[in-house]
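Note sheet for the following structure.
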Amino acid sequence: MEQKFRDQEAREVPRRHGGHVAAPPLPRASPSLPPLTYVRLGERPLRRFPQLFAGLALYGFSLSVMVRSSLGLSPWSVLNEGLAHHTSLSFGTLTAVVGVLVLLLWAPLKQRPKFGTVANIVVVASASDLGLLLVPEHLGLPARVGLLVGGVLLNGLSIAVYVGARFGPGPRDGLMTGASAATGRSLRLIRTLIEITVLAVGWLLDGSVGVGTVLYALTVGPTTQFFLPWFAYGSTAERMGRGSAGVTG
């Protein structure tokens with residue numbers, strides 16, 4: 001028994017002459033999030049262009065899935081519908097007008113429209129129309145609930161995919177990333193605050209609000225932030241900088 005105790009003590013206490021205790025294994029870290037600033041078009045286009053267009057197509061499709069769920073629109077759609085009740089402009093025209101107004105909010109945040117901003121307008125509109133053609137209407141409640149939950153999750157994922165390509169965000173996402181950079185707050189918090197604010201204004205203007213609207217407003221920010229580290233592109237300069245830092249360390 002005494003020998004067993006001495007052996008255990010020897011394992012726990014460092015040896016006096018050059019001995020050491022092995023450090024416990026560190027938990028596996030999740031991917032770190034690189035900056036989401038614009039990266040020039042010519043850098044690894046075969047890697048980034050497919051990610052951009054896939055993300056935008058999925059985003060547009062996710063909007064159509066939420067529409068077909070008939071359980072509530074996204075907050076921005078609620079705002080557009082509410083404005084339509086008080087103006088003679090169509091829903092599509094108001095969507096464009098609100099997008100331009102959001103771009104004006106970029107100025108104090110030092111954001112500028114990029115290639116991804118224009119692609120956002122074109123691809124999302126086309127993918128949304130295609131999604132409405134593919135997803136049937138008048139489904140049962142269980143199917144509609146599935147569409148709603150899947151649409152919200154797909155929406156958050158798609159935002160992470162196309163914003164992570166770093167071609168420049170869309171109008172509303174640029175507001176999110178710009179405000180996050182200016183305030184130092186997380187993307188999750190900023191996105192949630194923006195969605196809740198837009199939802200409140202749309203509701204006051206008599207826009208249609210459903211359970212899906214509330215679910216979207218509360219979850220799209222956390223969902224986007226969860227997926228962003230996995231899809232955010234790290235530029236060549238950033239990777240070289242990390243490599244140099246590792247060698248120096």
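The values are calculated or read from the model by the stated rules, or taken from the named source; none is laboratory data. Predicted, not measured: the structure shown is a model, and the values here were computed from it. Using ideal geometry, Cβ is built from the backbone for each residue, glycine included, and neighbour counts are taken over all protein chains shown. SASA here: full protein model, heavy atoms, side chains in, ligands and nucleic acids out. Shrake-Rupley method; radii C 1.70, N 1.55, O 1.52, S 1.80 Å.
What the table shows:
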| quantity | calculated |
| --- | --- |
| Helices (runs of 4 or more DSSP H) contained entirely in segment 44-131, each with at least 3 residues that are within 18 Å of ASN155 (Cα to Cα) | 45-69, 75-84 |
| Residues located in segment 198-224, provided they are open to solvent by 30 Å² or more (accessible area, probe 1.4 Å), under 20 Å from ALA160 (Cα atoms) and either at pLDDT below 90 or in contact with a strand residue (DSSP E or B) (Cβ under 7 Å, 6 or more places away or on another chain) (or both) | LEU218 |
| Neighbours by Cβ (under 6 Å, 6+ apart or cross-chain): first from segment 99-114, farther than 19 Å from TYR162 by Cα; second surrounded by fewer than 17 Cβ atoms within 10 Å (Cβ to Cβ) | LEU109/ALA182 |
| Residues of segment 167-197 satisfying the condition of being surrounded by fewer than 15 Cβ atoms within 10 Å (Cβ to Cβ) and not in a helix (DSSP H, G or I) | GLY184, ARG185, SER186 |
| Matching entry among LEU105, LEU89, LEU71, LEU130 (being modelled with pLDDT of 80 or more, over 23 Å from VAL39 (Cα atoms) and open to solvent by 40 Å² or more (accessible area, probe 1.4 Å)) | LEU130 |
| Scope segment 132-165; condition of a type in the set (D, E, K, R) and not in a helix (DSSP H, G or I); matching residues | GLU137 |
| Residue check for GLY156: in contact with a Leu (Cβ under 6 Å, 6 or more places away or on another chain) and either open to solvent by less than 60 Å² (accessible area, probe 1.4 Å) or at pLDDT 85 or above (or both) | no |
